[in-house]
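Presented below is the structure to which this report refers.
Only the coordinates and a few stated rules stand behind these numbers; no lab work does. Predicted, not measured: the structure shown is a model, and the values here were computed from it. When we count neighbours, we look across all protein chains shown, and the Cβ atoms used for this are built from the backbone with ideal geometry, even at glycine.
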Amino acid sequence: MTLPIIGELEAIGVMFFWIFTASIVFGAVARKTEFCPLGGIADVIHSGNNGRLMMYLFAIGSAMLAVNLLEFFGYFDLDSTRPPYRMPQFRWLAFIIGGLFFGIGMTLCRGCGMKNMINLGSGNLKAIVAILGMGSAAVLMLYVENFFGNYFLSWILPLSPDLAEVGVDFQDLGSMANSLMGFELSNVRLVIALILGLFLYYIAFSSRDFTDRKANIIGGLLIGLLITAAYYISGGALGEAAQEASDFMDQPQNGMGTQSYTFIRPMGDLLYVMANPLSYLVTFGLVAFLGVGAGSVLMSIVTFQFKFEFFKSPMEAVRYLIGGIMVGVGGILGMGCTLGQGIAGTSTLAAGSFLNLICLIIGAVIGIKLQKHFMDDHEMPDGIYTQFVQPK
């Protein structure tokens, strides 16, 4: 593939180009439609409006349907992904604790990794502190030798059942159900995806709050399809060519494999690269993460919504930092975030992803309830609420 100025790109470069392009669209869409899982939860609690929460469920359903249809027809294989959503070892305790930690943490720093990157792209400098907290926690968990193993896996793994020992090769709902039925696994996965995906569609379109705001429908559909596109780019024919090219390199490319959007590990990678500029650590996830930020910048400029914001007090900065650290720890422990587990993971039908998502939502509700002045700096799109009363 030849590009102006850049020139000829090999398979890995082409893959990075397409995921960066898709991520620009992702960031622009998320910024324009106010796609925010935490925002959706907060809207329900404080105004009763469930439109943005339904947008999130609609995105999950869209990704679930599209991903499983493409896997059924052989465009990619999700049995081995980064992170390994379908792994037979069911780390239930990590999913629960990680989800709760992540959910509470993102209420403190007013958003998950995606939302903070979107905010940074629109000029909100508070997000820098949150991202530094998330990235620092990820570096500690991933790059400090034996830290994750000694302080977390040492007590999580002994409590984690290996489903392979009872004849279940993977932890997705299709594999679990098929262990009892004995049908063609691909067919079972597709049927379950159709049932769950269409059920989420039904829930979303049953909400007047969701259908009254066109941005909810557009945002949910496009985010779900972009999650699918990332799997196709990394795990389809192009991804296979890139993987083959990496295998023949003297120093193989880092972070290869079938994957979609997840933001916590890329933040750790970003900080690691900044601290070790000679390290060879350009990854699919890092390129995607930076692309989302670029998309937010472009949309914010085009719509004249770019505006610099900073902390009003030192305590607010401390809250963002603590929240970011909690999000980073929870994201690594639970193997994902509101996108990584909440959409990309659940689209593989992995049981752990659903458990983590539920606990993430519970953690967010707990975090919001514990903060009397949560809504003081929580962003709500204009005109979506009818019952909201500003807390005193």
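What list of ³J(HN,Hα) values in whole Hz, one per residue of the range 221-237 in order, does the Karplus curve 6.51 cos²θ - 1.76 cosθ + 1.60 (θ = phi - 60°) give from phi, with Gly and Pro shown as x?
3J(HN,Hα) across the range 221-237, in whole Hz: 5, 5, 5, x, 6, 6, 4, 5, 4, 5, 4, 5, 5, 7, x, x, 4.
What ranking, highest mean first, results for peptides 266-275, 287-296, 160-169 when packing means the other Cβ atoms within 10 Å averaged over each residue?
Going from most to least packed, we get 287-296, 266-275, 160-169.
Under 10 Å, Cα contacts only: if you run a Gaussian network model on the chain, which one of LEU196, LEU53, LEU339 comes out with the highest mean-square fluctuation?
It is LEU196.
Only Lys, Arg, Asp and Glu count, each charged at its Cβ (+1, +1, -1, -1), so figure out the dipole size of the chain about its Cα centre, rounded to 20 debye.
Details: 20 positive and 26 negative charges, 313 e Å.
The dipole of the chain has a size of about 1500 debye.
Note down the nm distance, to one decimal, between modelled labels 7 Å out along Cα→Cβ at VAL302 and at VAL166.
5.0
Report, to two decimal places, the Cα Rg of the range 7-376 normalised by 2.2 N^0.38 Å (N = number of residues).
Values: Rg = 19.6 Å, N = 370, 2.2 N^0.38 = 20.8 Å.
Rg over 2.2 N^0.38 Å, computed on Cα atoms: 0.94.
Normalised by the residues of the range 7-376, what does the relative contact order come to in percent, with Cα pairs under 8 Å and at least six apart? Before the final figure, lay out the partial values.
Working: 708 pairs, mean separation 147.8, N = 370.
Relative contact order for the range 7-376 comes out at 40 percent.
222 nm [θ] for the chain, helices only, -39500 (n - 2.57) per DSSP H run of 4+, per residue, to 500? If you can, show how the numbers build up before the last one.
Values: 15 runs with 238 residues, N = 392.
Calculated mean residue ellipticity at 222 nm is -20000 deg cm²/dmol.
Filter the cross-link list LYS32/LYS312; LYS126/LYS307; LYS32/LYS214 down to pairs whose alpha-carbon distance in this structure exceeds 23 Å.
On the way: LYS32/LYS312 26 Å; LYS126/LYS307 12 Å; LYS32/LYS214 12 Å.
The answer is LYS32/LYS312.
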